[in-house]
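Visitor: One structure follows; several queries about it will come next.
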Ligand SMILES: NC(=O)c1ccc[n+]([C@@H]2O[C@H](COP(=O)([O-])OP(=O)(O)OC[C@H]3O[C@@H](n4cnc5c(N)ncnc54)[C@H](OP(=O)(O)O)[C@@H]3O)[C@@H](O)[C@H]2O)c1
């Protein structure tokens, strides 16, 4: 474990120097790892674990696309129950609503000393609502790669967060570190189920997806209302953001961006950032309160089919305009 200084605040980070891939593999070599769910995370984690030479069994409900995908990736998927009966370590990677629905099939196979591993704290933190309450004589851990399944599989080297909810064997933290490293992560941060869950649910409703998409739509609509054509409104709202500014912020930081834009842009952005921040602060406060109280959990567990809303977004002018701009981009490459 190394101590790292984050702008004056020290945090512990486990890197590959302290917990090498070799050590991680050794930790898991005599275990059967069952991956329940072959969706975004399930597929990525199962493939990476298998590539690292570990014994992986996939559990997936039959007859859906994910089942077919597991077969075409060379697995012989089993039913969720059969798979769980085979595993020492069970990675529970169904959707969070699916975890609640399938819990009885999983729970009955959680024999003494096994490990149940989540990629989100949702089911455990909101156990009063989900009724996902594991037996006391197993380890219950959290391993969260900080990225989508596709990034876990194709890019690798992501950061991960780990947490321990139950440490029956005394080895729960080592197991969590070993899984984080063997699914392809590099730097591992320790957290708690609650912290990870509240932070993640707030962030994805906020800046990562919800707020970002709301902000983008609001600016695009205003530009369109004022007579700017779609190409112009899109370029000034999304194209510059994704193609130029976000990669730059990722590489060098927002401070660098502020220091390196035109004086005109800089003065305006320095002034207006306060107004946007003040407008958003009460929204974030409401959001965090709803996450912590479990109100957002209720909404997730209703498991409403998003198809109509997704179609509406997909058919909206802004994202159709985006498709045209992207196609032009690829033609010029
Ligand atoms: N995606 C991410 O970026 C990300 C990142 C970090 C952590 N996580 C966490 O990882 C876990 C898995 O998320 P995901 O994004 O990989 O999910 P996903 O892509 O939506 O995959 C869902 C899986 O759950 C199965 N499933 C859903 N409802 C079910 C039900 N009622 N009965 C049986 N199976 C059901 C699906 O099977 P079918 O295909 O048959 O429907 C599929 O295998 C979640 O806890 C999530 O919060 C996700």
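We did not get these values from a lab; they are worked out from the coordinates using the rules stated. Note that this is a predicted model, so its numbers are computed, not measured. Don't worry about glycine lacking a Cβ; one is built from the backbone with ideal geometry, like all the others, and counts go over all protein chains shown.
Visitor: Give me the one-decimal nm value for the distance between modelled label points at residue 226 and residue 277, 7 Å along each residue's Cα-to-Cβ direction.
Guide: Taking the simple label geometry, residue 226 and residue 277 are separated by 2.4 nm.
Visitor: Working from Cα positions, state the angle (0 to 90°, nearest 10) between the long axis of helix 193-205 and the longest principal axis of the chain.
Guide: It is inclined by approximately 30 degrees.
Visitor: Suppose R0 equals 35 Å; then what is the FRET efficiency for residue 195 and residue 262 from their Cβ-Cβ distance, rounded to the nearest 0.05?
Guide: Result of the calculation: an efficiency of 0.30.
Visitor: Next up: By how many nm would the segment from residue 319 to residue 218 grow when fully extended, if each residue of separation counts as 0.36 nm and the alpha-carbon distance is taken off?
Guide: That pair, residue 319 and residue 218, stretches by 35.0 nm at full extension.
Visitor: For residue 251 and residue 131, what is the calculated FRET efficiency with R₀ set at 56 Å and r taken between the beta-carbons, to the nearest 0.05?
Guide: 0.80
Visitor: Take the alpha carbon gyration tensor of the range 203-332, find the square roots of its eigenvalues, order them as a ≥ b ≥ c, and report rounded if a/c is under 1.5; if not, report prolate when a/b exceeds b/c, else oblate.
Guide: Because a/c hits 1.5 or more and a/b fails to exceed b/c, the range 203-332 counts as oblate.
Visitor: Can you put 34, 238 in order, fewest other beta carbons within 10 Å first?
Guide: Listing 34, 238 from fewest to most nearby Cβ atoms yields 238, 34.
Visitor: Measure nothing fancy, just the Cα-based angle from helix 40-51's long axis to the longest principal axis of the chain, in degrees from 0 to 90, nearest 10.
Guide: Relative to the chain, helix 40-51 is tipped by roughly 50 degrees.
Visitor: Arranged from highest to lowest average of other beta-carbon atoms within 10 Å per residue, in what order do the peptides 155-162, 56-63, 201-208 appear?
Guide: Taking the mean over residues of other Cβ atoms within 10 Å, the ranking is 56-63, 155-162, 201-208.
Visitor: Measuring from a point 7 Å past the Cα of residue 30 along Cα-to-C-beta, which residues in the range 73-88 have an amide N at less than 14 Å?
Guide: Residues 88 fall inside that zone.
Visitor: Along the Cα-to-C-beta direction of residue 310, a point sits 7 Å from the Cα; which residues of the range 31-72 have their amide N less than 17 Å from that point?
Guide: 38-43, 64-69
Visitor: Right, something else. Rank the residues 118, 168, 276 as a footprinting-exposure proxy: fewest other Cβ atoms within 10 Å of their Cβ go first.
Guide: Final ranking by Cβ density, sparse to dense: 276, 168, 118.
Visitor: Just to be sure I understand the model, the point goes 7 Å from the Cα along the line to the Cβ. What's the resulting residue 330 to residue 302 distance in nm?
Guide: Once both label points are built, they end up 3.6 nm from each other.
Visitor: Against the longest principal axis of the chain, how steep is helix 96-107, in degrees 0 to 90 to the nearest 10, with axes from Cα atoms?
Guide: 0 degrees
Visitor: Separate question: Hey, fewest Cβ within 10 Å first, where do 81, 136 land in order?
Guide: The most exposed by this proxy come first: 136, 81.
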